[in-house]
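Worksheet: one structure, shown below.
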Amino acid sequence: MSPRPNPAAAARAAVAAAAVAASKGVALPQAIRHQVGADDVKPDGRKRRWESHKEARRSELVDGTLAAVRTLGADAGMDEIAQEIGVSKTVLYRYFTDKSDLTTAAMMRFIETVLVPRLGSAINEDVGEFELTRMVISVYVQTVADEPQIYSFVMSGGSGSEVVADSQKLIAQMLTFVMINRLVEQGSQTGGVETWAYSLVGAIQLAVHWWMVEHRLGKEQLIDYLTMMVWSSIAGITAAGGSAEYFNSLDHPLPKAPGAPGDRCRRSLSGAGGRGIGLSAWLSTRTTGPGPTQVRRR
């Protein structure tokens with residue numbers, strides 16, 4: 001059995017594959033498998049041809065299902081989907097065990113061909129940290145918001161938890177790779193990167209799911225609040241140099257809200273013209289991260 005790629009290598013492969021898929025339309029699953037070397041073991045020719053045909057046919061039916069759901073709505077059943085695609089229900093059951101199997105395949109197809117390529121393109125943009133943070137959040141929210149019928153279909157159709165976990169893992173690996181690069185450039189420690197990446201991905205996905213169900217906020221409000229939460233986390237991590245030891249050595253009083261009575265930092269937060277200097281800049285006036293070689297300070 002070949003060894004599994006380490007997280008950084010897997011994330012690097014995912015980013016590269018997503019960028020290729022976004023720019024050239026290459027099927028992401030094959031691109032990722034090629035990048036990580038998962039196709040090293042070759043089956044015999046007949047089996048390979050059959051598997052290739054079966055996979056191609058499944059992909060056609062899944063693409064047809066996604067198109068049908070966009071037309072018919074999230075409540076479309078197997079009979080309606082088959083009729084819209086132009087095949088019999090028997091054909092669908094030849095390639096998919098049941099509707100849950102079909103919705104799982106549809107979910108993975110949507111993630112691989114729409115969501116991940118868009119995220120990959122955003123991640124590869126040469127922009128500052130805050131702009132990148134907001135851009136990635138905006139892409140995720142916009143992609144889900146653009147496809148409400150697809151989202152409702154795959155989330156209500158019993159899609160397998162393993163598929164959801166795999167999609168979260170792929171996105172978290174992409175984020176891990178980006179965070180490692182950015183933190184290393186700043187001289188910060190990176191031991192907590194995977195923890196932070198998985199936490200942020202899980203929090204954003206749950207918040208967006210709540211938003212899609214409840215619709216209590218406008219889209220831009222959701223993006224603002226998510227960016228506020230994620231950027232505050234990134235700024236805090238950066239201010240501590242990525243060091244949990246240094247972070248734990250500090251006192252952690254809750255900052256006063258801007259303009260609150262007795263707020264000593266009001267002038268710093270409001271800045272010239274009331275526009276503000278940003279949380280990271282404010283944090284830099286209060287703490288100095290240890291960097292990779294500095295000793296713990298109090």
Of Arg48, Arg134, ordered by accessible area with the largest first and a 1.4 Å probe, the sequence is Arg48, Arg134
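Can you list, largest first and rounded to whole Å, the semi-axes you get for segment 75-171 by taking the square root of 5 times each eigenvalue of its Cα gyration tensor? If you can, show how the numbers build up before the last one.
Numbers: eigenvalues 200, 34, 24 Å².
Values for segment 75-171, descending: 32, 13, 11 Å.
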Whole-Hz Karplus couplings 3J(HN,Hα) for segment 165-180, θ = phi - 60° and coefficients 6.51, -1.76, 1.60, Gly and Pro as x, run 5, 5, 5, 4, 5, 4, 5, 5, 5, 4, 5, 4, 4, 5, 5, 4
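Which number comes out as Rg/Rh for segment 102-220 once both Rg and the Kirkwood Rh are worked out on C-alpha atoms?
0.98
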A student asked for the Cα radius of gyration and Dmax of segment 67-119 in angstrom ought to give 11.9, 36
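Just want to confirm a number: the relative contact order over segment 154-248, from Cα pairs under 8 angstrom separated by 6+ residues, in percent. Could the numbers behind the result be given before it?
Details: 42 pairs, mean separation 29.4, N = 95.
Relative contact order, segment 154-248: 31 percent.
Past 26 Å, Cα to Cα, is the threshold; run Lys219/Lys256; Lys99/Lys169; Lys54/Lys99 against it and keep the listed order.
Details: Lys219/Lys256 28 Å; Lys99/Lys169 24 Å; Lys54/Lys99 18 Å.
Check vs 26 Å cut-off fails for Lys219/Lys256.
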Over all viewing directions the Cα convex hull of segment 164-264 casts an average projected area in nm² of 8.7 nm²
Scoring segment 60-205 by relative contact order with C-alpha pairs under 8 Å, at least six apart, yields a percentage of 25 percent
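The values are calculated or read from the model by the stated rules, or taken from the named source; none is laboratory data. All values derive from a computational prediction rather than experimental measurement. Please note that ligands, DNA and RNA were not included when accessible areas were found on the heavy atoms of the full protein model with its side chains. Shrake-Rupley method; radii C 1.70, N 1.55, O 1.52, S 1.80 Å.
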